[in-house]
1. Here is a check on your reading of the model: is Ser278 among the hydroxyl-bearing types (Ser, Thr, Tyr) and outside any loop (DSSP other than H, G, I, E, B)?
2. Can you list the helices (runs of 4 or more DSSP H) lying wholly within the range 81-186 that have 1 or more residues being under 19 Å from Phe285 (Cα atoms) and within 16 Å of the ligand (Cβ to nearest atom)?
3. Any residue in the range 42-70 that's polar (S, T, N, Q): show its pairings with residues that are in a helix (DSSP H, G or I) and surrounded by 13 or more Cβ atoms within 10 Å (Cβ to Cβ) at Cβ separation under 7 Å, as long as the two are six or more apart or on different chains.
4. Going through the range 260-282 one residue at a time, which ones are out of contact with any strand residue (DSSP E or B) (no Cβ under 9 Å at 6 or more places or on another chain) and either within 12 Å of the ligand (Cβ to nearest atom) or more than 15 Å from Leu86 (Cα to Cα) (or both)?
5. Determine which member of the set Gly257, Gly296 is more than 16 Å from the ligand (Cβ to nearest atom), buried (at least 22 other Cβ atoms within 10 Å of the Cβ) and over 10 Å from the mean Cα position of the chain (by Cα).
6. Please work out which residue is surrounded by the most Cβ atoms within 10 Å (Cβ to Cβ), limiting yourself to the range 207-239 and to residues that are under 27 Å from Pro158 (Cβ atoms) and free of Cβ contacts under 8 Å to residues at least 60 places away in the same chain.
7. Go through (1) of a type outside the set (Ser, Thr, Tyr); (2) more than 30 Å from Leu38 (Cα to Cα); (3) within 16 Å of the ligand (Cβ to nearest atom); (4) at pLDDT 95 or above for Glu207 and report which single condition fails.
8. Quickly run through the range 13-48 and pick out the residues that are crowded, with 20+ Cβ neighbours inside 10 Å, closer than 16 Å to Gly296 by Cα and over 27 Å from the mean Cα position of the chain (by Cα).
Amino acid sequence: MFDALTDRLGGILDRLTRRGALTEADVAEAMREVRRALIEADVALEVARDFIDRVKARAVGVDVVKSVTPGQMVVKIVHDELVAMLGSEAEGISLAAAAPVPILMVGLQGSGKTTSTAKIARRLVTREKRKVLMASLDTRRPAAMEQLATLGQQTGVPTLPIVAGQSAVQIARRAMEAGRLGGYDVVLLDTAGRTTIDDALMAEVVEVKRAVNPHEVLLVADALTGQDAIVTARAFDQALGVTGIVLTRLDGDGRGGAALSMRAVTGKPIKLVGTGESFDAVDEFDPQRVANRILG
Ligand code: GDP
């Protein structure tokens, strides 16, 4: 994760710290290099530009060039601004609502939505000792419903029995009713995925949202698609109002552009990241830890 960026930033900042005295021109040159490194990591242009502007403004403000350890001060500012760009605080999934808490999982087909639903369910069961029910609302793809049922069996998380012929809204209502009757804490609703964002998909998810009033609407996006993941997040947010992002396949993402720009571009927190295919391969996204990792 972020390997190339870590190498590049490490090199640039090492050179700065080794130099001792620094001029403003040295700092400006280093920041140009940082900006290039961010853009090569597929960070959105405006995010990279804002980041550099903030670092430069602070570097001038604290009189970096006159300090005893100017390079280290720049590194500290870069670190702080990176944390701020990533969202400052880790934000987990909120369950602060009346049980059963409805959570809507949305996203494009293949983004890892169904796998993430099962991962989240298992995490809530094992870590937070919650009673969780999962339901697939994918009425057009019976295979998707069966996939969730299989994942339920593998993870030991109950799934809503499949009833043929029901609409997504009917299934969502049935899931909430089963959640109430069964004393569940959380109901995870895995909506239908599509290969592209289309109006029919959005209309259906909007209808489901109205029917169950979810406490969280989590957009699942594939980190490997880079800036496309951000375009997807914006489209879903505009149509639905997303409360958080689950960014999958971070394990294969050497560049990191989606993870780095998602918060700044969409204003939505990355709540969880997928780090592999196994059920345990899910982590919270902690801006502080991510910044530490990137800066080595
Ligand atoms: P959906 O169509 O959005 O529901 O996607 P699936 O949940 O079926 O996932 C598609 C594929 O991506 C499956 O083979 C998953 O095992 C894989 N996958 C999902 N999340 C991750 C992840 O975080 N890392 C990796 N390496 N693979 C993942």
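The values are calculated or read from the model by the stated rules, or taken from the named source; none is laboratory data. These numbers were taken from a predicted model, which means no experiment stands behind them. Here the Cβ positions follow ideal geometry from the backbone for every residue, glycine too, while neighbour counts run over all protein chains shown.
1. So Ser278 does not fit the description; no.
2. 113-128
3. Ser67/Met73
4. Result: Glu277, Ser278, Phe279, Asp280.
5. Going through Gly257, Gly296 in turn, just one is more than 16 Å from the ligand (Cβ to nearest atom), buried (at least 22 other Cβ atoms within 10 Å of the Cβ) and over 10 Å from the mean Cα position of the chain (by Cα): Gly257.
6. Across the range 207-239, the extreme among qualifying residues is Ala211.
7. (3)
8. Leu13, Leu16
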